[in-house]
1. With θ set to phi - 60° and the Karplus curve 6.51 cos²θ - 1.76 cosθ + 1.60, what are the ³J(HN,Hα) couplings of segment 85-98 in order, to the nearest whole Hz, using x for Gly and Pro?
2. In debye, nearest 20: dipole of segment 87-179 around its Cα centre with unit charges on the Cβ of K, R (+) and D, E (-)?
3. To the nearest 20 debye, what charge dipole does segment 1-98 have about its Cα centre, counting +1 at the Cβ of each Lys and Arg and -1 at the Cβ of each Asp and Glu?
4. State, to one decimal in nm, how far the label point of residue 162 lies from the label point of residue 56, with both points 7 Å from Cα in the Cβ direction.
5. Among 133, 172, 23, flag the residue with its Cα farthest along the positive direction of the charge dipole of the chain, charges on Cβ as +1 for Lys/Arg and -1 for Asp/Glu.
6. Name the residue from 143, 36, 70 whose Cα lies farthest towards the positive end of the charge dipole of the chain, charges +1 on Cβ of Lys and Arg and -1 on Cβ of Asp and Glu.
7. What ³J(HN,Hα) values, in whole Hz, does the Karplus curve 6.51 cos²θ - 1.76 cosθ + 1.60 give for segment 16-26 when θ = phi - 60°, with x put for Gly and Pro?
8. What's the magnitude of the charge dipole for the chain around its Cα centre, counting Lys and Arg as +1 and Asp and Glu as -1 at the beta-carbon? Answer in Debye, nearest 20.
Amino acid sequence: MAWLTEQLRKPRWSPYAAGVLLGIVSVLALLISDQLLGASGTFENLAGIIGGWFSKGISDSMYWQYIMPAAITWQVILVIGIFFGALISSKLSGTFKWRLLPDQEWRKNRGDGTAKRWSIAFIGGFILEYGAGIAGGCTSGLAISGTLQLAPAGLLFIVGMFASGIVTSIIIHGRGWRA
């Protein structure tokens, strides 16, 4: 038990150990709850709930009833668990702290603007969610759960994700992208 506690207190885990644990969690989620991991639908579920407060007709539409129900679903609970898991992990490792801007990297590349940081984060999140809807899933839903099932879409998504990530990193950081 002392070994496990020591591992949980590490600020950084081996990517191999984290990958194996993620695989185990994915398989257990499928076996125990008959649900795959995925997060992007959470925001649509919550948008449906909030939209239903303003217009009852929204939650009565076919989309909200059958495709993305306006309800607290498995994905909503999963995202809440991710938040609290990350909070507990950062507390255990002693790395938890509140901050408005990342310490060095953001300031070095983009300056000190807090409003700029929050605006870019919001716009980036919106684009990411929109892209997840077009792709048929987010990184967790399509790449992890799709690949777990050996779905061609999941495998293609991973190739595209890494390729576009490398190109984007080169464009943004130039030669310093490896640092």
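1. x, 5, 4, 4, 4, 5, 5, 4, 7, x, 9, 5, 7, 7
2. Working: 10 positive and 4 negative charges, 87 e Å.
Using only the charged Cβ atoms, the result is roughly 420 debye.
3. Numbers: 6 positive and 4 negative charges, 102 e Å.
In total the dipole reaches around 480 debye.
4. A separation of 5.2 nm, rounded to one decimal place.
5. The one lying farthest along the dipole's positive direction is 172.
6. Positive-end residue among those listed: 143.
7. For segment 16-26, the Karplus-derived couplings read 6, 5, 5, x, 5, 5, 4, x, 5, 4, 4 Hz, x marking Gly and Pro.
8. Numbers: 14 positive and 8 negative charges, 182 e Å.
That gives a dipole near 880 debye.
Taken together, the values in this text are just the output of simple stated rules run on the coordinates, not laboratory data. Quantities reported herein were computed from a predicted structural model and do not represent experimental measurements. In this analysis, Cβ positions are derived from the backbone assuming ideal geometry, glycine residues included, and neighbour counts consider all displayed protein chains.
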